[in-house]
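Structure in structure tokens, see below.
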Amino acid sequence: MNRRDALTAHLEFFQELGAEGFSREPAWRFRGERLAHPASPSEPTNVDSEASSTNDETTPTTLDQIREALGDCTRCKLHQGRTTLVFGVGHPDADLMFVGEAPGRDEDRQGEPFVGRAGQLLTKIIESVGLTRDQVYIANVIKCRPPQNRNPELDEVQTCEPFLFQQLDVIRPRVVVALGAFAVRTLLRSEQSISRLRGQVFDYRGAKLVPTFHPAFLLRSPDRKRDVWEDMKKVRALLSS
Ligand code: SF4
């Protein structure tokens, strides 16, 4: 693909997301270096998570230590059907972290979150913020694929989520994007629908949390891409303020 075709494809994607133009503001050329702590563009709500650690006695300080502690995990019944435990991928010191629900079929096979069609869309969403997959961190609340992609059950969430909290505490991102209803409700301990929660910014474990739709939902409901575009503008403002 030559540069003209590449630029055309890039612009078409932004149009697909609902962008109507481009700003000349310097902040929009920002490419994700670590800056001062952001201010929230909307009224934040404080959310403190109750569960913060596993029963392990020592608090891990690196992602490798968390992965090592997980080991060949059999702590919940989801280990029975998995091919690969999907830990997470990306920059260990990322300013921006994406949290989804659980691995699907492709992720279970490849051991990496968001690698299927939804993953390709997530990559474009990340690029819309001016970053690459290598510059952010991507993980799921649940590390093993539920059978037939069913919703994770409460005991599975309670068993697995402490490892996500450890990842968050080690990476210490400045902005967390919660992808989809399940991740949003789990992280925020909320029963509200994602349609009500998105558009807001929440204080969460020292970061700003931005709820948005899951890329798999966007594949089924492309008309909601505009909402995600608005959410990513918010993310960009938080990272560059
Ligand atoms: S889902 Fe989490 S707790 Fe359950 S077996 Fe997999 S890694 Fe362990």
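No lab work stands behind these numbers, since they all come straight from the coordinates. Computed from a predicted model, the values in this text were never measured in an experiment. Neighbour counts are summed over all protein chains in view; Cβ atoms, including those assigned to glycine, are modelled from backbone coordinates with ideal geometry.
Check Q120 against each of (1) surrounded by fewer than 23 Cβ atoms within 10 Å (Cβ to Cβ); (2) more than 14 Å from the chain's Cα centre (by Cα) and name the one condition it does not meet.
(2)
Looking at region 205-224 only, could you name the residues that are more than 13 Å from G180 (Cβ to Cβ) and surrounded by fewer than 21 Cβ atoms within 10 Å (Cβ to Cβ)?
R205, G206, P222, D223
Here is a follow-up. Taking the residues in region 123-170 that are in contact with a strand residue (DSSP E or B) (Cβ under 8 Å, 6 or more places away or on another chain) and within 12 Å of L78 (Cβ to Cβ) as candidates, determine which candidate is surrounded by the fewest Cβ atoms within 10 Å (Cβ to Cβ).
Among residues in region 123-170 that are in contact with a strand residue (DSSP E or B) (Cβ under 8 Å, 6 or more places away or on another chain) and within 12 Å of L78 (Cβ to Cβ), the one surrounded by the fewest Cβ atoms within 10 Å (Cβ to Cβ) is V141.
Name the residue that is surrounded by the most Cβ atoms within 10 Å (Cβ to Cβ), counting only residues in region 171-204 that are among the basic types (K, R) and under 20 Å from P92 (Cβ atoms).
Within region 171-204, the match that is surrounded by the most Cβ atoms within 10 Å (Cβ to Cβ) is R174.
Among the residues of region 115-160, write down those that are touching a helix residue (DSSP H, G or I) at 6+ places or on another chain (Cβ under 9 Å), within 10 Å of the ligand (Cβ to nearest atom) and part of a helix (DSSP H, G or I).
Across region 115-160, the qualifying residues are D155, E156, V157, T159, C160.
Sticking with this one: If we keep just the residues of region 71-114 that are near the ligand (Cβ under 9 Å from one of its atoms) and under 24 Å from G206 (Cα atoms), which is surrounded by the fewest Cβ atoms within 10 Å (Cβ to Cβ)?
If we take residues in region 71-114 being near the ligand (Cβ under 9 Å from one of its atoms) and under 24 Å from G206 (Cα atoms), then F87 is surrounded by the fewest Cβ atoms within 10 Å (Cβ to Cβ).
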